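Q: My questions will all concern the structure given below.
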Amino acid sequence: MLYVIGIGISEFDSLSISSLEIIKNCDVIYLERFTGFISDEFYQKLKEILNNPGIRSFSTDHEVKFVKRWYIEDGRDILQKARSLDVCILVYGDPLVATTYNELLVRAKRQEIDVRTIHSSSGILSLIGDSGLQPYKFGKMVTMMNDPMSSITVYNTIYENMCNGLHTLVLTEYNNDDGKTDFNSSSDPFFLSPKRVIELLLEREKEMQLINLSSSTYAIVASEIGSKNSMITSGTLGTLLKLDYQKGPNSVIIPAALHFTEEDSIQFLTRMLDPPNDNSKQLSRIANRMLDKYIPNAKIALSNLNSMIKSEMSELTKDYRLVLDNAENYLSDAQTFYDQGKIELAILSIGYAEGLIDSIRFQKNMNPW
């Protein structure tokens with residue numbers, strides 16, 4: 001039997017009684033901290049409880065054993081043991097938030113090994129709740145790594161979410177792997193600082209200029225959720241850059257437009273350093289930028305084309321007049337739709353207008369652009 005047990009976000013305080021009973025009766029107990037950090041104190045306390053003579057007496061082979069990512073991903077030894085023994089893996093937060101365990105459970109099922117997942121509190125959902133923002137207003141989440149190239153994906157995700165009026169949760173790099181293929185586990189992992197996240201995003205803004213991130217952009221930083229040092233801090237990027245962030249894990253939320261209830265929550269449920277503002281007002285949509293360029297250009301091209309044809313022909317034929325009138329109508333529609341915020345229809349209309357202009361351009365060998 002294979003058990004994958006989530007210990008929650010508060011270590012021993014969030015480990016359920018039923019989970020502890022399962023652990024007590026397992027033959028093999030693995031503890032990993034590559035999904036999320038688990039302290040030495042938890043490890044020692046768990047060992048003390050399990051080695052209590054009143055519970056059971058462990059042999060050397062039955063000790064709580066730290067394992068690394070490579071061992072879980074390889075999985076062969078775990079699955080082999082689970083055929084004849086009760087094996088459990090203890091995981092930070094909720095175990096199935098990490099795709100590593102979905103894959104392991106699928107492999108176990110294919111090999112007809114009994115499995116059971118014990119769910120617990122998720123760090124991701126907990127920090128969203130603590131932030132005071134509404135969970136259903138979040139879009140795709142993304143992870144920022146220390147590598148500057150990672151900021152491209154993060155920036156684009158924030159942009160896409162904000163275009164849809166959705167907040168973005170930016171998880172930060174956490175690394176507890178020393179690269180060695182052994183089972184020694186470091187209790188001093190690397191946590192990417194929120195300051196580094198903000199710096200990388202502002203650097204990317206200089207190139208992309210879509211979200212218009214600046215020192216006045218509003219953000220929320222969630223630090224060490226579930227621990228006694230848990231903190232939710234809100235403020236502008238300029239203010240958040242000045243803070244000193246200790247340890248981790250940390251996450252950064254870039255909100256879109258805020259509901260008034262979310263603004264109240266930020267004020268009373270977070271450490272608010274600056275009053276919230278609407279980041280979406282600064283958004284520069286690609287579609288809007290296209291229309292700002294294409295509509296005026298098409299109007300100029302149509303005017304130029306009219307002048308060229310009139311200089312060549314004393315009187316416009318009926319066919320040419322019909323094409324030019326239709327192009328002008330589509331241009332008018334494009335501007336009207338754009339003013340109404342119907343971006344897709346505006347792009348469609350400008351495309352038709354340009355197509356009609358180009359039909360005469362190619363037929364008469366005239367270039368009005």
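The values are calculated or read from the model by the stated rules, or taken from the named source; none is laboratory data. Since we're looking at a predicted model, the values are computed, not measured. Counting neighbours? That spans all protein chains shown, and the Cβs are built from the backbone with ideal geometry, glycine included. Accessible surface is based on the protein model in full, side chains and every heavy atom, while ligands, DNA and RNA are left aside. Shrake-Rupley method; radii C 1.70, N 1.55, O 1.52, S 1.80 Å.
Q: Hey, got the dipole for the chain? About the Cα centre, +1 on K and R Cβ, -1 on D and E Cβ, debye to the nearest 20? Kindly include the intermediate steps, with their values, before the conclusion.
A: On the way: 37 positive and 48 negative charges, 80 e Å.
I would put it at about 380 debye.
Q: Taking DSSP loops as anything outside H, G, I, E and B, show the longest stretch in the chain free of GluC sites (Glu not before Pro) there with at most 15 other beta carbons within 10 Å. Could you put the intermediate results ahead of the total?
A: Numbers: sites that count: GLU63, GLU112, GLU315.
Excluding the exposed sites themselves, the longest stretch runs over 113-314.
Q: Further question on the same structure: First measure r as the distance between the Cβ atoms of SER84 and ASN156, then evaluate 1/(1 + (r/R0)^6) with R0 = 41 Å and state the FRET efficiency to the nearest 0.05. Could you put the intermediate results ahead of the total?
A: Working: r = 48 Å, r/R0 = 1.18.
So the FRET efficiency works out to roughly 0.25.
Q: Return one quarter of the surface area of the convex hull spanned by the alpha-carbon atoms of the stretch 134-174, equal to its mean projected area, in nm². Don't jump to the answer; show the numbers that get you there.
A: Numbers: hull surface 11.3 nm².
Computing the convex hull of the Cα atoms and averaging its projections yields 2.8 nm².
Q: If the cut-off is a Cα-Cα distance under 21 Å, which lysines reach LYS195, setting aside same-chain residues fewer than 8 apart in sequence?
A: LYS206, LYS242, LYS247
Q: With a 1.4 Å probe and every protein chain left in place, tell me how much accessible area LYS45 has, in Å² to the nearest 10.
A: About 90 Å², ignoring ligands and nucleic acids.
Q: Under 37 °C and 0.692 mPa s, how fast does the stretch 44-144 diffuse according to Stokes-Einstein, given a Kirkwood radius computed over C-alpha pairs? Answer in µm²/s, whole number.
A: On the way: Rh = 16.4 Å.
It comes out at roughly 200 µm²/s.
Q: Show me 277-288, 78-89 ranked by packing, highest mean number of other Cβ atoms within 10 Å first.
A: Working: 277-288: 14.4, 78-89: 18.2.
Packing proxy ranking, top to bottom: 78-89, 277-288.
Q: Counting just the Cα atoms, what span does the chain cover along each of its three principal axes? Round to the nearest Å and put the largest first.
A: Projected onto the principal axes, the Cα atoms of the chain cover 108, 50, 35 Å.
Q: Compute the Kirkwood hydrodynamic radius of the stretch 259-369, taking the inverse of the mean of 1/r over all pairs of distinct Cα atoms, and give it in Å to one decimal. Could the numbers behind the result be given before it?
A: Values: mean 1/r = 0.0598 Å⁻¹.
One decimal place: 16.7 Å for the Kirkwood radius.
Q: Anything over 21 Å Cα to Cα? Flag those among LYS137/LYS293; LYS310/LYS364; LYS24/LYS45, in the order listed. Provide the component values of the computation, followed by the final result.
A: Details: LYS137/LYS293 32 Å; LYS310/LYS364 12 Å; LYS24/LYS45 13 Å.
Pairs exceeding the cut-off: LYS137/LYS293.
Q: Let me ask you something else. Send over the per residue convex hull volume for the stretch 177-312, Cα only, as a whole number of Å³.
A: Values: hull volume 24.3 nm³, N = 136.
Convex hull volume per residue, Cα atoms: 179 Å³.
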